[in-house]
Amino acid sequence: MKLNSLKIFITAVALSFLGTACAVSQEPVDTPADYVSTLVGTQSKHSFSTGNTYPAIARPWGMNFWTPMTGTMGDGWTYSYTDDRIRGFKQTHQPSPWINDYGQFALMPVTNGEVFDQNERASWFSHKAETAKPYYYSVYLADHDVLTELTATERAAAFRLTYPERERSYLVVDAFDNGSWTKVIPEKNMIVGYTTKNSGGVPDNFCNWFVIVSDTPFESVATVSDGRHISKELESDSSHSGAVVGFRTERGQEVNLRVASSFISLEQAERNLSELGDGDFDRLTAESKSRWNDVLGRISVEDDDIDNLRTFYSCLYRSVLFPRNLSETDADGNIIHYSPYNGEVRPGYMFTDTGFWDTFRCLFPLLNLVWPDENAKMQEGLVNAWLESGFLPEWASPGHRGCMVGNNSASVVADAYVKGLRGYDIEALWEAVKHGANSVHPEVSSTGRLGWEEYNRLGYVPCDVGINESAARTLEYAYDDWCIWTLGKALGKSDDEIGIYKERALNYRNLYLPDASLMCGRHADGSFSLPLNPYKWGGDFTEGNALQYTWSVFHDPAGLMALMGGEDEFNANLDNMFNVPPIFDDSYYGFTIHEIREMQVMNMGNYAHGNQPIQHMLYLYDWGGQPWKAQKRIREVMDKFYTSAPDGYCGDEDNGQTSAWYVFSALGFYPVCPATDQYAIGTPLFSKATISLPSGNRVVIDAKDNGRDNFYIKSLKLNGKTYTKTYFTHGDLISGAKIDFTMSPEPDTLRSTALSDRPYSFSDEE
């Protein structure tokens with residue numbers, strides 16, 4: 001097939017891409033990984049996010065990522081598309097600019113002398129001379145006349161530096177501040193060291209050990225102390241250590257570097273270096289590309305619009321970066337890990353760098369469907385986190401972090417088990433989710449449940465007892481209780497043990513204010529916090545307002561509908577989200593936070609897709625008997641809010657959650673309530689999509705007559721039989737499914753409106 005035909009068929013082994021994220025390239029490409037733009041979301045800033053991402057050169061779920069560094073040391077916005085200078089190439093573990101980084105150090109080739117300062121060594125660059133792919137990155141450093149190329153494995157990386165002719169060309173190694181050590185070993189062409197720089201969530205003995213080996217002998221050697229003192233000493237142990245080594249180079253001379261790190265020891269870092277073998281750069285690049293193609297190729301799509309394909313695979317790439325695998329392999333081939341919770345080296349898996357407040361919604365359900373083998377390892381990692389810290393994480397980077405609300409580890413555990421994952425200690429996780437529901441971490445209040453005593457006693461977290469975002473906590477705790485009850489049922493636990501969680505799953509009702517048809521904060525004495533301003537962000541809610549958070553009843557939309565007075569009122573309230581202007585009150589924060597601004601500019605009323613609490617809401621029309629409205633709004637969001645450009649997201653990407661929303665929605669269904677076995681049906685984006693499951697079964701989705709204006713479902717068949725329900729089950733999919741949509745430019749307001757067609761609600765259990 002030819003690109004100029006505009007009929008582009010993409011399979012697990014045949015996809016297309018146009019070079020870098022920003023420039024149009026005519027290079028023929030034919031693999032999923034080449035289709036990805038790693039620059040999507042990098043045109044962000046503190047006040048306005050279009051993703052808050054950086055170009056991660058990595059392996060899926062890899063321990064170490066690498067990225068060009070345009071920001072200054074310690075800046076969470078480590079790479080910004082609008083910047084014009086690169087200060088180094090950083091090993092990073094940053095999941096979010098708000099959480100920031102840990103275990104970082106940087107390399108930088110220079111030719112302007114024996115310099116170390118991050119500004120003195122910086123070089124101008126252009127996106128026109130930059131190639132950014134998941135498996136490969138290159139850029140021309142104009143001030144140094146150096147082409148820098150890099151590729152990565154899980155725990156190591158290879159650099160190929162092409163220098164000009166110089167009596168002395170240099171390599172800068174920056175171990176960063178807050179305590180670091182470097183040592184040059186000239187006879188081995190080696191630099192070793194460690195960095196301790198972090199942003200929290202680490203034990204006292206935390207450090208990241210690294211080793212760098214050059215294939216070119218060092219002609220000069222220097223180390224750096226306290227970030228500014230350059231000496232001929234071979235070793236530096238200071239607040240800010242580094243090294244500068246020199247080479248005599250001819251024009252076009254390649255200097256190859258092998259780099260690896262470990263959270264365990266220098267010896268383990270050298271062992272991790274073996275991932276690179278002889279360090280042949282082209283071989284390693286090909287191997288990394290192959291790994292990406294294996295993972296991304298689980299889903300293949302067909303479409304006439306190449307931009308849809310770019311966006312889809314760029315989102316799929318972001319969906320398989322986090323959580324990262326912090327585990328390493330010892331000399332005997334055993335999986336081990338440094339515990340970010342107690343500082344010990346322990347057996348088994350450990351994963352980190354994810355916030356469950358975000359990713360429980362659809363990132364983990366995506367793993368459970370497409371890569372369940374990987375999530376089974378992650379569940380083992382959760383067992384280890386529980387055993388090593390006494391709690392399941394809610395936001396981990398690398399250990400417990402004080403961020404966001406909720407107890408959504410219960411959802412992550414329950415959804416995995418309900419979806420059939422096995423091979424880990426589920427009984428340990430059962431004890432862990434119960435413990436987390438009835439306690440709070442003594443030092444990190446976002447882990448466990450802050451306000452659990454009041455919640456258990458009153459049925460809600462009061463807004464006047466010194467606990468912020470109380471209504472959001474209550475709504476999420478109620479859903480989490482439902483998850484615990486659901487998991488307990490699946491495990492065969494007695495009603496005596498799980499009945500209390502079933503009872504508490506209805507606690508969302510305690511916040512419903514009938515006069516406003518909205519959720520509202522409530523005082524300890526039972527009175528509501530009035531007057532309720534539905535447009536006020538924060539306060540009783542988390543990065544949202546009452547209009548948005550009222551829909552956070554994932555497990556019981558029918559129950560919420562009953563509170564509102566029935567279908568008509570439910571649907572009218574859904575419509576109202578788009579009909580009201582983007583009014584907001586930011587007085588809780590004292591300034592307009594970026595999530596508010598991102599809602600304001602999108603021209604969709606008070607619907608704020610750039611933030612997670614509302615992302616499921618579009619699908620709730622399936623429960624209201626008006627699925628055509630879901631189809632219209634879902635396609636509008638896909639078309640309007642997502643692109644493959646550097647500003648291609650509509651808010652924080654957030655560890656794969658916002659990307660996974662697009663992946664699911666483009667396939668035509670979405671897990672509104674994780675821990676059920678159901679996916680609410682939306683509208684497929686592609687004319688054809690195929691999910692290749694690890695079992696060997698396939699889900700084949702055909703959407704006849706699909707197109708930009710043909711987004712309404714006219715008819716649907718599942719395995720050749722007419723299908724009217726507004727949901728698929730997990731069993732439908734994993735057993736292998738043939739799904740045939742017929743699309744139309746006009747809505748069918750009679751199709752799939754019966755009560756029997758609607759997805760699960762907890763009220764159905766009563």
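The values are calculated or read from the model by the stated rules, or taken from the named source; none is laboratory data. All figures in this text were calculated on a predicted structure; none of them were measured in a lab. All Cβ positions, glycine included, derive from the backbone under ideal geometry; neighbour counts span all protein chains shown.
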Original post:
Quick one: which strands (runs of 3 or more DSSP E) sit completely within region 189-272 and have at least 2 residues that are hydroxyl-bearing (S, T, Y), on the phi < 0 side of the Ramachandran plot and touching a residue at least 12 places away in the same chain (Cβ under 8 Å)?
Top reply: 190-195, 220-225, 235-238, 253-262
Subject >> helices (runs of 4 or more DSSP H) wholly inside region 348-402 containing at least 1 residues that are over 30 Å from D732 (Cα atoms) >> reply: 372-389
Original post:
When region 585-622 is examined, which residues are found to be in a loop (DSSP other than H, G, I, E, B), touching a strand residue (DSSP E or B) at 6+ places or on another chain (Cβ under 8 Å) and under 30 Å from F728 (Cα atoms)?
Top reply: H616
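Among the listed residues S262, S236, identify the single one that is surrounded by 19 or more Cβ atoms within 10 Å (Cβ to Cβ), among the small types (G, A, S) and within 32 Å of the chain's Cα centre (by Cα).
Working: S236 fails: within 32 Å of the chain's Cα centre (by Cα).
Only one candidate qualifies: S262.
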**OP:** Please name all residue pairs, on different chains or six or more residues apart, with Cβ atoms under 6 Å, provided the first residue is in region 402-425 and is surrounded by fewer than 24 Cβ atoms within 10 Å (Cβ to Cβ) and the second residue is charged (D, E, K, R) and not in a loop (DSSP other than H, G, I, E, B).
**Re:** Y424/E380
**OP:** Identify the residue in region 737-760 that is in contact with a Ser or Thr (Cβ under 7 Å, 6 or more places away or on another chain) and surrounded by 17 or more Cβ atoms within 10 Å (Cβ to Cβ) and, among all such residues, is farthest from A630 (Cα to Cα).
**Re:** Y760
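Picking from D525, D586, which residue would you name as being modelled with pLDDT of 95 or more, acidic (D, E), out of contact with any Gly (no Cβ under 9 Å at 6 or more places or on another chain) and surrounded by fewer than 18 Cβ atoms within 10 Å (Cβ to Cβ)?
D525
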**OP:** For residues that are assigned to a loop (DSSP other than H, G, I, E, B), closer than 17 Å to D515 by Cα and not polar (S, T, N, Q), scanning just region 530-576, find the one that is nearest to the chain's Cα centre (by Cα).
**Re:** W551
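Of all the helices (runs of 4 or more DSSP H) wholly in region 452-516, which have at least 3 residues that are under 15 Å from S439 (Cα atoms)?
Numbers: elements: 452-458, 470-490, 495-504.
Answer list for region 452-516: 452-458, 470-490.
Restricting attention to region 688-724, and to residues there that are assigned to a strand (DSSP E or B) and hydroxyl-bearing (S, T, Y), which single residue is surrounded by the fewest Cβ atoms within 10 Å (Cβ to Cβ)? Don't jump to the end; show me each part of the working.
Narrowing region 688-724 to residues assigned to a strand (DSSP E or B): 688-692, 698-704, 712-718, 721-722.
Pick out the ones that are also hydroxyl-bearing (S, T, Y) and you get 690, 692, 712, 715, 722.
On the way: T690: 19, S692: 17, Y712: 21, S715: 15, T722: 9.
Top of the filtered list is T722.
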**OP:** Tell me which residues, restricted to region 596-615, are over 24 Å from E746 (Cβ atoms) and surrounded by 21 or more Cβ atoms within 10 Å (Cβ to Cβ).
**Re:** I596, E598, M599, N606, A608, H609, G610, N611, Q612, P613, I614, Q615
Original post:
When both residues are 6+ apart or on different chains and their Cβ atoms are under 6 Å apart, which pairs have a first residue that lies in region 701-725 and is closer than 21 Å to D305 by Cβ, and a second that is β-branched (V, I, T) and surrounded by 12 or more Cβ atoms within 10 Å (Cβ to Cβ)?
Top reply: I701/I739; K704/T742; F711/T683; K714/T742
Subject >> Residue among A666, A630, A660, A680 that alone is surrounded by 21 or more Cβ atoms within 10 Å (Cβ to Cβ) and either without any contact (Cβ under 8 Å) to a residue 40 or more places away in the chain or in a strand (DSSP E or B) (or both) >> reply: A680
**OP:** Please go through region 67-93 and pick out each residue that is within 22 Å of W395 (Cα to Cα) and touching a residue at least 60 places away in the same chain (Cβ under 8 Å).
**Re:** G74, Q91, H93
**OP:** For residues that are among the hydrophobic types (A, V, I, L, M, F, W, C), part of a loop (DSSP other than H, G, I, E, B) and over 16 Å from K90 (Cα atoms), tally how many sit in region 173-188.
**Re:** 0
**OP:** Test S300 against the stated conditions and say whether it is of a type in the set (S, T, Y), closer than 25 Å to Q615 by Cα and part of a strand (DSSP E or B).
**Re:** yes
